[in-house]
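S.K.: For reference, the structure I am asking about is given below.
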Amino acid sequence: MSTRKPILRFIFVLLSLLLVLKFNVATEIEDELEELLAVDEEVEREADGGGEKLSEAEVLSKAQRIVIELNNENTERVVNGNEFVLVLGYAPWCPRSAELMPHFAEAATSLKELKVPIVMAKLDADRYPKPASFLGVKGFPTLLLFVNGTSQPYSGGFTADDMVIWTRKKTGTPVIRISSVVEAEKFLRKYQKFLLGRFDKFEGPDYEEFVSAAKSDNETQFVEVNQVELAKVLYPAINSKGRFLGIVKSEPERYTVYDGAFTMNKILEFVDYNKFPLVTTLTEMNSVRVYASPVKLQVLVFANIDDFKLLLDPLQDVARTFKSKIMFIYVDIDDENLAKPFLTLFGLEESKKPVVAAFNNGMSSKYLLESKPTRSNIEDFCNNLVQGSLAPYFKSQPIPDNTEASVHVIVGKTFDDEILSSKKDVLLEVFTPWCINCEATSKQVEKLAKHYKGSSSLVFARIDASANEHPNLQVNDYPTLLLYRADDKANPIKLSTKSGLKELAASINKYLKVKNVKDEL
């Protein structure tokens, strides 16, 4: 057995070479691929003694062989010589490419078994820049569908099932028709989320709108039946003998009935609002779809896996109450790539305890649950969010002691009292730690503070804009110098940070009546 396997592999390689030489440039890639795979499968059966199940590694290896490797020589021939080609542009050093590759290979295997007329191909765009430019690969990873040589961007999900659903829709099978109980049971084993349509006849205006919606949707499998008995296999909760639409998901909220008008837009809206679980776990793979949700109110729960398990049941209860009004998202707080960008917005990037936050994507507002994340507190938080009575959150550092400071440190919580409500004039320096020119401006402000030390009407202050926010402080350029006059706090005057000390002092004197000032600078 051990000597036979290398011989068989040698025969396979030899036959493969002969097959490649046999076909000329005009030969269809798919025909060539079929023969190569037939030889490959025969070799595997003989080498394994026949009938033995392939290991997971062998299955992946086989799947990857189905995917054609593009290069300088064959790229144009493959893309222009086939009706449908799905291309994955990748780079070997790209982590996202490495994560996507096995899903792409698995999708290739499924599509082949389903006899979908598509060629799956991948290109090392880092190694082959010329064909990458020809295809339009500009980043990694990139998925592109070519239809008769013309490309269109991939717009589906990134699991193998997502890619299969999207590809079948784009190649002519937007809806799967089921005609028997056996087919229905097989379908249920394969699909965890789908939209069921039951029609007496597969024709008429309502049915046409259903099919149009199936073609427009990019990630949910649509399935159709005309027998109530078959519909009940897929959707046991069905209680209608007429036309019917309902979405099925593999979660506690498994069945949702559609009761709207049978128009494409309304059906698509129903799918968009109901396709996610009660609580969606955010991943690199689904992040784009999550952010694109039409549900503008989003509640995010940041916690480690153990803490989240304790929160899941009460969170699902709350999510059920606010279904279609709020999207609930779980983010692993230990995943810095996913959690830290959000937590930084609240000044909580170092937090390890559970955090419940919310966003109104329609208004770019953010909110924070500042009490313990119990079921009742989360529910009250969500009620206020929906009603619009929740106060937006502005991050702030702890309140500092400015008793002996020549330049006062302002934080988000003290901005009102020390700037807007103060009876004094205030020169405020707005900076960030990562700003290149801020240090020079800070030194100038300190010298100015000493120069005007004798004045009781002018206060010098600074605020770190990376760690503090206030609705009345809208600054995007750092450093920034703002002069708040005592009699007009609503209209601060912006001073030039490129001016020298004397010029800045002259500007201050121009706008303010300052007494007891030192002569020299």
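The values are calculated or read from the model by the stated rules, or taken from the named source; none is laboratory data. Values in this document were obtained by computation on a predicted structure and should not be read as measured data. With ideal geometry, Cβ positions are generated from the backbone for all residues, glycine too; neighbour counts draw on all protein chains shown. Keep in mind that these areas ignore ligands, DNA and RNA; they rest on the heavy atoms of the full protein, side chains included. Shrake-Rupley method; radii C 1.70, N 1.55, O 1.52, S 1.80 Å.
S.K.: Mind checking which of 98, 318, 473 is farthest towards the positive end of the chain's charge dipole, using Cβ charges of +1 (Lys, Arg) and -1 (Asp, Glu) about the Cα centre?
M.R.: About the Cα centre, the residue reaching furthest to the positive side is 473.
S.K.: Next up: Run the accessible area of the chain with a 1.4 Å probe and give the carbon-and-sulfur part as a rounded percent. Kindly include the intermediate steps, with their values, before the conclusion.
M.R.: Values: 13960 of 27370 Å².
Accessible surface attributable to carbon and sulfur in the chain totals 51 percent.
S.K.: Could I ask something else about it? Place a +1 charge on the Cβ of each Lys and Arg in region 58-159 and a -1 charge on the Cβ of each Asp and Glu, then give the dipole magnitude about the Cα centre in debye, rounded to the nearest 20. The partial results should precede the final answer.
M.R.: Working: 10 positive and 10 negative charges, 15 e Å.
Value, rounded to 20: 80 debye.
S.K.: Please identify the cysteines of the chain that lack any partner cysteine with a Cβ under 4.7 Å from their own Cβ.
M.R.: 94, 382
S.K.: Here's a follow-up. Report the calculated FRET efficiency for residue 417 and residue 285 (r = Cβ-Cβ distance, R0 = 51 Å), to the nearest 0.05.
M.R.: It comes to 0.65.
S.K.: At 1.4 Å probe radius, can you tell me the per residue accessible area of the chain in Å²?
M.R.: Numbers: 27370 Å² over 521 residues.
Using a 1.4 Å probe on heavy atoms only, each residue of the chain averages 53 Å².
S.K.: Now for a different question. For the chain, which longest stretch is free of loop sites, where a loop site is one of the GluC sites (Glu not before Pro) that DSSP puts outside H, G, I, E and B and that has at most 11 other Cβ atoms within 10 Å? Spell out each step's value before the answer.
M.R.: Working: sites that count: 52, 73, 203, 350, 370, 404, 520.
So the longest stretch without any such site is 204-349.
S.K.: Tell me, what is the percent relative contact order of the chain, built from C-alpha pairs under 8 Å that lie six or more residues apart?
M.R.: 8 percent
S.K.: Now for a separate question. Taking 37 °C and 0.692 mPa s as the conditions, I'd like the Stokes-Einstein D for region 58-159 in µm²/s, using the Kirkwood hydrodynamic radius from alpha carbon pairs.
M.R.: Numbers: Rh = 13.5 Å.
Answer from the Stokes-Einstein relation: 243 µm²/s.
S.K.: For region 315-415, evaluate the Debye formula with one uniform point scatterer on each Cα (no solvent term) and list log10 I(q)/I(0) at q = 0.17, 0.25 Å⁻¹, rounded to two decimals.
M.R.: Reported log10 I(q)/I(0), two decimals: -0.87, -1.47.
S.K.: Now for a separate question. What is the gain in length, in nm to one decimal, between residue 404 and residue 313 on full extension, counting 0.36 nm per residue of separation less the C-alpha to C-alpha distance?
M.R.: On the way: separation 91, 0.36 × 91 = 32.76 nm, distance 5.14 nm.
Gain on stretching residue 404 to residue 313: 27.6 nm.
S.K.: Three principal axis extents, largest first, for the C-alpha atoms of the chain, in Å?
M.R.: Extents along the principal axes: 98, 59, 46 Å.
S.K.: Using +1 on the beta carbon of Lys and Arg, -1 on that of Asp and Glu, and nothing else charged, what's the dipole of the chain about the Cα centre, debye to 20?
M.R.: On the way: 64 positive and 73 negative charges, 327 e Å.
The dipole magnitude comes to about 1580 debye.
S.K.: With a point put 7 Å past each Cα toward its Cβ, work out how far residue 337 is from residue 440 in nm, to one decimal.
M.R.: 3.8 nm
S.K.: Less than 11 Å Cβ to Cβ from residue 344, Lys/Arg counted +1 and Asp/Glu -1: what total charge do the surrounding residues give?
M.R.: Local charge sum for residue 344: -1.
S.K.: Express in nm, to one decimal, how much length is gained between residue 243 and residue 80 on full extension, taking 0.36 nm for each residue of separation and deducting their alpha carbon distance. Don't jump to the answer; show the numbers that get you there.
M.R.: Details: separation 163, 0.36 × 163 = 58.68 nm, distance 4.28 nm.
Contour length minus the Cα-Cα distance gives 54.4 nm.
S.K.: At 1.002 mPa s and 20 °C, plugging the Kirkwood radius over alpha-carbon pairs of region 169-219 into Stokes-Einstein gives what diffusion coefficient in µm²/s? Walk me through the numbers before you get to the answer.
M.R.: Details: Rh = 12.2 Å.
Calculated translational D: 176 µm²/s.
S.K.: Cα-based Rg (one decimal) and Dmax (whole number) for region 158-285, in Å?
M.R.: 13.8, 42
S.K.: Continuing with the same structure: Enumerate by residue number the trypsin sites (Lys or Arg not before Pro) in region 366-444 meeting two conditions: DSSP loop (anything except H, G, I, E, B), and at most 15 other Cβ atoms within 10 Å of the site's Cβ.
M.R.: 423, 424
S.K.: Once both labels are modelled 7 Å past Cα along the beta-carbon direction, what's the residue 353-residue 487 spacing in nm?
M.R.: The two pseudo-label positions are separated by 4.9 nm.
S.K.: Moving to a separate point now. For Cα pairs less than 8 Å apart in space and 6+ apart in sequence, what is the mean separation divided by the residue count of region 279-387, i.e. the relative contact order in percent? All intermediate terms of the calculation are to be shown ahead of the outcome.
M.R.: On the way: 148 pairs, mean separation 37.1, N = 109.
Contact order relative to length: 34 percent.
S.K.: For region 185-251 and region 99-128, what is the separation of their C-alpha centers, rounded to whole Å?
M.R.: Between the Cα centre of region 185-251 and that of region 99-128, the gap is 28 Å.
S.K.: Label residue 147 and residue 296 with points 7 Å out from Cα along Cα→Cβ: what is the distance between them in nm?
M.R.: 3.3 nm
S.K.: Here is a follow-up. Among residues other than residue 132 whose Cβ falls under 10 Å from its Cβ, what is the net charge (Lys/Arg +1, Asp/Glu -1)? Let's see the in-between values first.
M.R.: Numbers: positive: 127, 130, 138; negative: 124, 126.
Taking every Cβ under 10 Å from that of residue 132, the sum is +1.
S.K.: How long is the gain from residue 447 to residue 466 if the chain were fully straight, where each residue apart is worth 0.36 nm and the alpha carbon distance is subtracted? It would help to have the intermediate numbers written out before the result.
M.R.: Details: separation 19, 0.36 × 19 = 6.84 nm, distance 2.39 nm.
Net length gain for the segment: 4.4 nm.
S.K.: Please give the residues of region 412-453, grouped as numeric ranges, whose backbone N is less than 17 Å from a label point set 7 Å along the Cα-to-Cβ vector of residue 370.
M.R.: Only 412-418 pass the distance filter.
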